[in-house]
Amino acid sequence: MPNSKLYTELKEIIESKLSGLSATGKFLARLEKGILTIQENQQSHFCAYFAAIDPGTQEIFVGDHKKAGLWLVNGGHIDEDENLQETLKREIDEEWGLNFDDLIVSEPLFLTISEIYNPEKQPCREHFDIWHFVSVDKNAFSPDQEKLAKEFHETRWVRLEEARKLTKGNAQHNAAFDFVENNLFKK
């Protein structure tokens, strides 16, 4: 059985807060295998998404990711010796140039498993994604455009219907968009 701060944290989160989700069993089984970070296992590892949403306009911030060749929300790999919050702090600074402590970042709310096949650009084959949502007013949201441009060809705010079209049937993102629509956007 693995014994690391990340393993302990993720097991607690998944068992206590995300136990009713369809991916929970697969996440727990993957946790038991250990080697959870990209440094330990380049092909199968855990990642954190931090999707910016504007509940007032019911829009989500998405981008055309350079490496993945897909429209995605912001996120990144959990690095060795990091816990989930440390990953979010680092990734939010790397991609948005913003301070985590100045944002309203949800606790982990959703799980997806992404199969990846992009051998020319990345060794990843499977991501175990832990979703967080960052509620913002899109008019006040001001990520660093130079930092965004390092990872994305283009970014924009879109309604969920448009996000589904841009992600071209990406089942994991569409499931997360459904979660947002049903749980975070008031009808």
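Some observations on this one:
- Test: residue in the range 28-47 that is under 30 Å from Asn139 (Cα atoms) and either of a type in the set (Asp, Glu) or under 13 Å from the mean Cα position of the chain (by Cα) (or both): yes
- Among residues of the range 19-44 being part of a loop (DSSP other than H, G, I, E, B) and of a type in the set (Gly, Ala, Ser), the one that is nearest to Gln122 (Cα to Cα) is Gly34.
- Among (1) basic (Lys, Arg); (2) modelled with pLDDT of 95 or more; (3) more than 15 Å from the chain's Cα centre (by Cα), the one test that Lys5 misses: (2)
- Among the residues of the range 121-129, at least one is buried (at least 17 other Cβ atoms within 10 Å of the Cβ) and at pLDDT 95 or above.
- The residue that is surrounded by the fewest Cβ atoms within 10 Å (Cβ to Cβ), among those in the range 49-71 that are among the β-branched types (Val, Ile, Thr) and part of a strand (DSSP E or B), is Ile53.
- Filtered residues of the range 88-120 (kept if of a type outside the set (A, V, I, L, M, F, W, C), closer than 19 Å to Ile53 by Cα and surrounded by 14 or more Cβ atoms within 10 Å (Cβ to Cβ)): Lys89, Glu91, Asp93, Glu94, Glu95, Gly97, Ser106, Pro108, Thr112
- Evaluation of Gln145 against (1) of a type in the set (S, T, N, Q); (2) in contact with a Gly (Cβ under 9 Å, 6 or more places away or on another chain); (3) surrounded by 21 or more Cβ atoms within 10 Å (Cβ to Cβ) (one fails), failing number: (3)
- Matching residues in the range 116-149 - criterion: being among the basic types (Lys, Arg) and out of contact with any helix residue (DSSP H, G or I) (no Cβ under 9 Å at 6 or more places or on another chain): Lys121, Arg125, Lys138
- Residues that are buried (at least 17 other Cβ atoms within 10 Å of the Cβ), of a type in the set (A, V, I, L, M, F, W, C) and within 18 Å of Gly69 (Cβ to Cβ) within the range 148-165 comprise Leu148, Phe152, Ala163, listed in sequence order.
- Residue that is farthest from Ala176 (Cα to Cα) [pool: residues in the range 21-34 that are without any contact (Cβ under 8 Å) to a residue 24 or more places away in the chain and among the hydrophobic types (A, V, I, L, M, F, W, C)]: Ala29
- Conditions (1) within 28 Å of Phe185 (Cα to Cα); (2) of a type in the set (A, V, I, L, M, F, W, C); (3) surrounded by 19 or more Cβ atoms within 10 Å (Cβ to Cβ); number of the one not met by Ile13: (3)
The values are calculated or read from the model by the stated rules, or taken from the named source; none is laboratory data. None of the values given here were measured: they were computed from a predicted structure. Methodologically, a virtual Cβ is constructed for each residue, glycine included, from the backbone with ideal geometry; neighbour enumeration extends over all protein chains shown.
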